[in-house]
Amino acid sequence: MSGLKGAEKWIDLSGKVAHVTGGGKGIGRGIAQALAMAGAKVMVSDINLESAETTAAEIDGAAMALNVADREAVDIAMNDTVAALGSLDILVNNAGLYIGYGGPVEEITDEMWRSLWSVNVDGVFYTCRAAATIMKSQGGGRIINIASTQAVSPGVGVTYDGSKAAVVQITKALALELAPHGINVNALAPGPTWVNEGEPPPIDAQMPPRTGEPLADTVADRIARLPLGHWGDPIEQGKAAVFLASEMSSFVTGAYLNVDGGWLTL
(Lines give C-alpha, C1' and ligand atoms only; values in the text may rest on other atoms or scores of the structure.)
Protein backbone atom coordinates (compact mmCIF):
# COMPACT_ATOMS: atom_id res chain seq x y z
CA MET A 1 0.00 0.00 0.00
CA SER A 2 3.02 2.30 0.23
CA GLY A 3 2.54 3.31 -3.39
CA LEU A 4 -0.88 4.72 -2.56
CA LYS A 5 0.28 7.18 0.07
CA GLY A 6 -0.37 10.84 -0.59
CA ALA A 7 -3.85 10.40 -2.01
CA GLU A 8 -5.07 13.26 0.15
CA LYS A 9 -2.99 15.60 -2.03
CA TRP A 10 -4.90 14.68 -5.17
CA ILE A 11 -7.69 17.10 -4.31
CA ASP A 12 -5.45 19.77 -2.77
CA LEU A 13 -5.32 22.98 -4.81
CA SER A 14 -2.99 24.82 -2.45
CA GLY A 15 -0.60 27.04 -4.38
CA LYS A 16 -2.87 27.11 -7.46
CA VAL A 17 -4.48 30.21 -8.89
CA ALA A 18 -7.94 30.00 -10.45
CA HIS A 19 -9.89 32.56 -12.44
CA VAL A 20 -13.68 32.09 -12.43
CA THR A 21 -15.66 34.22 -14.87
CA GLY A 22 -19.21 35.09 -13.93
CA GLY A 23 -18.29 34.23 -10.36
CA GLY A 24 -20.41 36.87 -8.67
CA LYS A 25 -23.49 34.72 -8.23
CA GLY A 26 -25.17 31.42 -8.98
CA ILE A 27 -23.12 28.51 -10.28
CA GLY A 28 -20.02 30.66 -10.69
CA ARG A 29 -20.16 31.66 -7.05
CA GLY A 30 -20.49 28.03 -5.98
CA ILE A 31 -17.50 27.08 -8.12
CA ALA A 32 -15.39 29.91 -6.71
CA GLN A 33 -16.31 28.87 -3.17
CA ALA A 34 -15.46 25.21 -3.79
CA LEU A 35 -12.10 25.98 -5.41
CA ALA A 36 -11.19 28.21 -2.47
CA MET A 37 -12.19 25.51 0.01
CA ALA A 38 -9.83 23.15 -1.82
CA GLY A 39 -7.00 25.62 -1.29
CA ALA A 40 -6.89 27.65 -4.50
CA LYS A 41 -6.45 31.40 -4.60
CA VAL A 42 -9.35 32.63 -6.71
CA MET A 43 -9.77 35.64 -8.95
CA VAL A 44 -13.49 36.26 -9.30
CA SER A 45 -14.58 38.21 -12.35
CA ASP A 46 -18.07 39.33 -13.25
CA ILE A 47 -19.67 41.99 -15.40
CA ASN A 48 -21.06 43.26 -12.08
CA LEU A 49 -18.03 44.28 -10.02
CA GLU A 50 -20.01 44.50 -6.79
CA SER A 51 -21.13 40.89 -7.10
CA ALA A 52 -17.57 39.78 -7.83
CA GLU A 53 -16.27 41.65 -4.81
CA THR A 54 -18.91 40.08 -2.56
CA THR A 55 -17.91 36.57 -3.58
CA ALA A 56 -14.19 37.38 -3.36
CA ALA A 57 -14.58 38.78 0.16
CA GLU A 58 -16.23 35.55 1.30
CA ILE A 59 -13.36 33.38 0.08
CA ASP A 60 -10.40 35.69 0.67
CA GLY A 61 -9.94 36.04 -3.07
CA ALA A 62 -9.57 38.89 -5.52
CA ALA A 63 -12.12 40.50 -7.80
CA MET A 64 -12.34 42.36 -11.08
CA ALA A 65 -14.99 43.57 -13.49
CA LEU A 66 -14.99 41.71 -16.80
CA ASN A 67 -17.20 41.51 -19.86
CA VAL A 68 -16.01 38.32 -21.55
CA ALA A 69 -17.44 39.48 -24.87
CA ASP A 70 -14.75 42.18 -24.93
CA ARG A 71 -11.63 40.59 -26.44
CA GLU A 72 -9.19 43.24 -25.27
CA ALA A 73 -10.65 43.23 -21.76
CA VAL A 74 -10.24 39.45 -21.58
CA ASP A 75 -6.58 39.59 -22.57
CA ILE A 76 -5.93 42.24 -19.94
CA ALA A 77 -7.88 40.32 -17.29
CA MET A 78 -5.93 37.10 -17.74
CA ASN A 79 -2.61 38.93 -17.56
CA ASP A 80 -3.81 40.96 -14.57
CA THR A 81 -4.66 37.71 -12.79
CA VAL A 82 -1.07 36.59 -13.14
CA ALA A 83 0.23 39.98 -12.05
CA ALA A 84 -2.00 40.02 -8.97
CA LEU A 85 -1.85 36.38 -7.85
CA GLY A 86 1.32 35.01 -9.45
CA SER A 87 0.05 32.56 -12.03
CA LEU A 88 -3.00 31.24 -13.87
CA ASP A 89 -3.35 27.52 -13.26
CA ILE A 90 -7.11 27.04 -13.57
CA LEU A 91 -9.60 28.86 -15.78
CA VAL A 92 -13.32 28.31 -15.27
CA ASN A 93 -15.39 29.76 -18.11
CA ASN A 94 -18.68 30.19 -16.31
CA ALA A 95 -19.92 33.59 -17.55
CA GLY A 96 -22.98 33.14 -19.72
CA LEU A 97 -26.32 34.53 -20.82
CA TYR A 98 -29.69 32.81 -20.71
CA ILE A 99 -32.76 34.47 -22.15
CA GLY A 100 -35.41 31.97 -21.12
CA TYR A 101 -37.01 29.55 -23.51
CA GLY A 102 -36.14 31.66 -26.53
CA GLY A 103 -39.49 31.51 -28.27
CA PRO A 104 -40.17 30.41 -31.85
CA VAL A 105 -37.16 30.76 -34.11
CA GLU A 106 -38.89 33.35 -36.27
CA GLU A 107 -39.19 35.62 -33.24
CA ILE A 108 -35.49 35.51 -32.36
CA THR A 109 -33.93 38.78 -33.43
CA ASP A 110 -30.40 39.24 -34.68
CA GLU A 111 -29.70 41.26 -31.55
CA MET A 112 -30.87 38.42 -29.26
CA TRP A 113 -28.77 35.90 -31.16
CA ARG A 114 -25.59 37.97 -31.20
CA SER A 115 -25.82 39.16 -27.61
CA LEU A 116 -26.07 35.62 -26.28
CA TRP A 117 -23.46 34.10 -28.59
CA SER A 118 -21.05 36.96 -27.96
CA VAL A 119 -20.89 35.89 -24.32
CA ASN A 120 -21.55 32.14 -24.43
CA VAL A 121 -19.29 31.35 -27.39
CA ASP A 122 -17.07 34.32 -28.24
CA GLY A 123 -16.34 34.84 -24.54
CA VAL A 124 -15.29 31.22 -24.10
CA PHE A 125 -13.01 31.45 -27.12
CA TYR A 126 -11.41 34.70 -25.97
CA THR A 127 -10.71 33.46 -22.45
CA CYS A 128 -9.44 30.07 -23.62
CA ARG A 129 -7.09 31.72 -26.08
CA ALA A 130 -5.70 34.13 -23.51
CA ALA A 131 -5.37 31.48 -20.83
CA ALA A 132 -3.76 28.96 -23.16
CA THR A 133 -1.00 31.43 -24.01
CA ILE A 134 -0.22 31.89 -20.32
CA MET A 135 -0.55 28.22 -19.40
CA LYS A 136 1.79 27.14 -22.20
CA SER A 137 4.48 29.42 -20.79
CA GLN A 138 3.90 27.93 -17.33
CA GLY A 139 4.07 24.32 -18.51
CA GLY A 140 0.41 23.38 -18.09
CA GLY A 141 -2.94 24.13 -16.54
CA ARG A 142 -6.63 23.30 -16.47
CA ILE A 143 -9.45 24.86 -18.46
CA ILE A 144 -13.03 24.09 -17.45
CA ASN A 145 -15.78 25.33 -19.75
CA ILE A 146 -19.29 25.44 -18.33
CA ALA A 147 -21.61 23.91 -20.89
CA SER A 148 -25.10 22.58 -20.13
CA THR A 149 -27.19 19.45 -20.43
CA GLN A 150 -29.01 21.46 -23.10
CA ALA A 151 -25.94 21.04 -25.30
CA VAL A 152 -26.92 17.44 -26.02
CA SER A 153 -30.58 17.37 -24.95
CA PRO A 154 -32.18 20.55 -26.33
CA GLY A 155 -35.21 22.06 -24.72
CA VAL A 156 -34.93 25.81 -24.19
CA GLY A 157 -34.42 27.10 -27.72
CA VAL A 158 -31.93 27.24 -30.56
CA THR A 159 -30.09 30.29 -29.23
CA TYR A 160 -29.02 28.92 -25.85
CA ASP A 161 -28.91 25.22 -26.76
CA GLY A 162 -26.82 25.91 -29.86
CA SER A 163 -24.36 28.06 -27.94
CA LYS A 164 -23.76 25.38 -25.33
CA ALA A 165 -23.29 22.72 -28.00
CA ALA A 166 -20.62 24.96 -29.50
CA VAL A 167 -18.90 25.16 -26.11
CA VAL A 168 -18.69 21.36 -25.99
CA GLN A 169 -17.08 21.12 -29.42
CA ILE A 170 -14.67 23.98 -28.63
CA THR A 171 -13.69 22.04 -25.51
CA LYS A 172 -12.98 18.84 -27.40
CA ALA A 173 -10.96 20.58 -30.12
CA LEU A 174 -8.87 22.48 -27.58
CA ALA A 175 -8.32 19.31 -25.54
CA LEU A 176 -6.60 17.76 -28.55
CA GLU A 177 -4.62 20.87 -29.40
CA LEU A 178 -3.43 21.68 -25.88
CA ALA A 179 -2.75 18.18 -24.54
CA PRO A 180 0.92 18.25 -25.65
CA HIS A 181 1.36 21.38 -23.53
CA GLY A 182 0.07 19.79 -20.34
CA ILE A 183 -3.25 21.63 -20.45
CA ASN A 184 -6.37 19.59 -19.70
CA VAL A 185 -9.58 21.02 -21.18
CA ASN A 186 -12.96 19.72 -20.06
CA ALA A 187 -16.61 20.74 -20.10
CA LEU A 188 -18.81 20.66 -17.02
CA ALA A 189 -22.51 20.37 -17.83
CA PRO A 190 -24.87 21.51 -15.07
CA GLY A 191 -28.39 20.22 -15.00
CA PRO A 192 -31.24 21.85 -13.05
CA THR A 193 -29.48 23.94 -10.40
CA TRP A 194 -31.27 26.31 -8.01
CA VAL A 195 -29.55 29.70 -8.15
CA ASN A 196 -32.21 31.95 -6.63
CA GLU A 197 -30.41 32.91 -3.44
CA GLY A 198 -32.73 33.78 -0.60
CA GLU A 199 -35.52 31.64 -2.03
CA PRO A 200 -35.78 28.02 -0.90
CA PRO A 201 -35.94 25.50 -3.72
CA PRO A 202 -39.08 23.44 -4.15
CA ILE A 203 -39.29 20.52 -1.73
CA ASP A 204 -39.33 18.19 -4.71
CA ALA A 205 -38.11 18.69 -8.25
CA GLN A 206 -41.32 20.22 -9.59
CA MET A 207 -41.11 23.15 -11.96
CA PRO A 208 -43.72 25.92 -12.01
CA PRO A 209 -46.98 25.04 -13.82
CA ARG A 210 -46.76 24.18 -17.48
CA THR A 211 -46.87 27.13 -19.85
CA GLY A 212 -48.24 25.58 -22.99
CA GLU A 213 -44.92 26.15 -24.75
CA PRO A 214 -43.60 22.83 -26.12
CA LEU A 215 -39.98 23.51 -25.20
CA ALA A 216 -40.77 24.78 -21.71
CA ASP A 217 -43.10 21.88 -21.03
CA THR A 218 -40.44 19.38 -22.08
CA VAL A 219 -38.01 20.85 -19.56
CA ALA A 220 -40.68 20.97 -16.85
CA ASP A 221 -41.50 17.31 -17.42
CA ARG A 222 -37.87 16.23 -17.15
CA ILE A 223 -37.26 18.18 -13.96
CA ALA A 224 -40.40 16.76 -12.41
CA ARG A 225 -38.96 13.28 -12.98
CA LEU A 226 -35.35 13.93 -11.92
CA PRO A 227 -33.95 10.60 -10.65
CA LEU A 228 -32.32 12.19 -7.59
CA GLY A 229 -35.56 14.00 -6.87
CA HIS A 230 -34.25 17.46 -6.04
CA TRP A 231 -32.68 20.54 -7.57
CA GLY A 232 -28.91 20.82 -7.61
CA ASP A 233 -27.04 23.40 -5.58
CA PRO A 234 -24.25 25.64 -6.98
CA ILE A 235 -21.76 24.11 -4.55
CA GLU A 236 -22.45 20.69 -6.11
CA GLN A 237 -21.30 22.13 -9.43
CA GLY A 238 -18.31 23.50 -7.53
CA LYS A 239 -17.38 20.04 -6.27
CA ALA A 240 -17.28 18.76 -9.84
CA ALA A 241 -15.13 21.73 -10.85
CA VAL A 242 -12.68 20.90 -8.06
CA PHE A 243 -12.42 17.38 -9.46
CA LEU A 244 -11.62 18.70 -12.94
CA ALA A 245 -9.15 21.24 -11.53
CA SER A 246 -7.28 18.79 -9.33
CA GLU A 247 -4.94 15.83 -9.75
CA MET A 248 -7.99 13.60 -9.34
CA SER A 249 -8.62 14.20 -13.06
CA SER A 250 -5.03 14.05 -14.31
CA PHE A 251 -5.98 11.57 -17.07
CA VAL A 252 -9.19 13.38 -18.07
CA THR A 253 -9.33 15.76 -21.02
CA GLY A 254 -11.93 16.44 -23.69
CA ALA A 255 -14.64 15.15 -21.37
CA TYR A 256 -18.25 16.28 -21.02
CA LEU A 257 -19.13 15.80 -17.35
CA ASN A 258 -22.83 15.83 -16.51
CA VAL A 259 -23.71 17.14 -13.05
CA ASP A 260 -27.42 16.86 -13.50
CA GLY A 261 -29.11 14.66 -10.91
CA GLY A 262 -29.74 12.05 -13.62
CA TRP A 263 -31.39 14.48 -16.07
CA LEU A 264 -29.80 12.93 -19.17
CA THR A 265 -30.87 9.43 -18.23
CA LEU A 266 -34.51 10.38 -18.76
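The values are calculated or read from the model by the stated rules, or taken from the named source; none is laboratory data. The structure displayed is predicted, hence computed values, not measured ones. Positions of Cβ are generated from backbone atoms using ideal geometry, with glycine treated the same way; all protein chains shown enter the neighbour counts.
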Restricting region 115-137 to residues that are hydroxyl-bearing (Ser, Thr, Tyr) and more than 14 Å from Tyr160 (Cα to Cα), the residue that is surrounded by the fewest Cβ atoms within 10 Å (Cβ to Cβ): Ser137
When Asp221 is run through (1) modelled with pLDDT under 75; (2) in a loop (DSSP other than H, G, I, E, B), the failure sits at (2)
Residue in region 83-98 that is farthest from the chain's Cα centre (by Cα), counting only those that are surrounded by 18 or more Cβ atoms within 10 Å (Cβ to Cβ) and outside any loop (DSSP other than H, G, I, E, B): Leu85
Using the structure shown, decide if Lys41 is basic (Lys, Arg) and surrounded by fewer than 18 Cβ atoms within 10 Å (Cβ to Cβ). no
I need every pair where a residue in region 17-30 that is on the phi > 0 side of the Ramachandran plot and buried (at least 24 other Cβ atoms within 10 Å of the Cβ) has its Cβ under 8 Å from the Cβ of a residue that is among the polar types (S, T, N, Q) and part of a strand (DSSP E or B), sequence separation at least 6 or different chains. Gly22/Ser45
Looking at Met78, Met64, Met112, which one is assigned to a helix (DSSP H, G or I) and either surrounded by 18 or more Cβ atoms within 10 Å (Cβ to Cβ) or under 19 Å from the mean Cα position of the chain (by Cα) (or both)? Met78
Given the structure, is Gly162 more than 19 Å from Val124 (Cβ to Cβ), among the small types (Gly, Ala, Ser) and modelled with pLDDT of 85 or more? no
Inspect region 116-131 for any residue being over 19 Å from the mean Cα position of the chain (by Cα) and not β-branched (Val, Ile, Thr) and give the result as yes or no. no
Residue pairs qualifying under the 8 Å Cβ cut-off, at least six apart or on distinct chains, with the first in region 227-245 being under 13 Å from Ala32 (Cα atoms) and the second being of a type in the set (Lys, Arg) and crowded, with 16+ Cβ neighbours inside 10 Å, are Pro234/Arg29; Ala245/Lys16; Ala245/Arg142
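The rows are residues; the columns are (1) modelled with pLDDT of 95 or more; (2) small (Gly, Ala, Ser).
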{"position": "Thr171", "(1), (2)": "yes, no"}
{"position": "Leu176", "(1), (2)": "yes, no"}
{"position": "Ala179", "(1), (2)": "yes, yes"}
{"position": "Gly191", "(1), (2)": "no, yes"}
{"position": "Glu199", "(1), (2)": "no, no"}
Search result, residues across region 220-235 that are surrounded by fewer than 19 Cβ atoms within 10 Å (Cβ to Cβ) and in contact with a strand residue (DSSP E or B) (Cβ under 8 Å, 6 or more places away or on another chain): Asp233
So which residues in region 236-266 are closer than 18 Å to Ile170 by Cα and aromatic (Phe, Trp, Tyr)? Tyr256
Does Arg71 satisfy the condition of being among the basic types (Lys, Arg) and more than 21 Å from Ala130 (Cα to Cα)? no
Residue hits (region 143-177; assigned to a helix (DSSP H, G or I), over 14 Å from the mean Cα position of the chain (by Cα) and surrounded by 22 or more Cβ atoms within 10 Å (Cβ to Cβ)) are Thr159, Tyr160, Leu174
Only one of Gly140, Gly157, Gly123 that is touching a residue at least 24 places away in the same chain (Cβ under 8 Å), more than 19 Å from Asn93 (Cα to Cα) and of a type in the set (Gly, Ala, Ser): Gly157
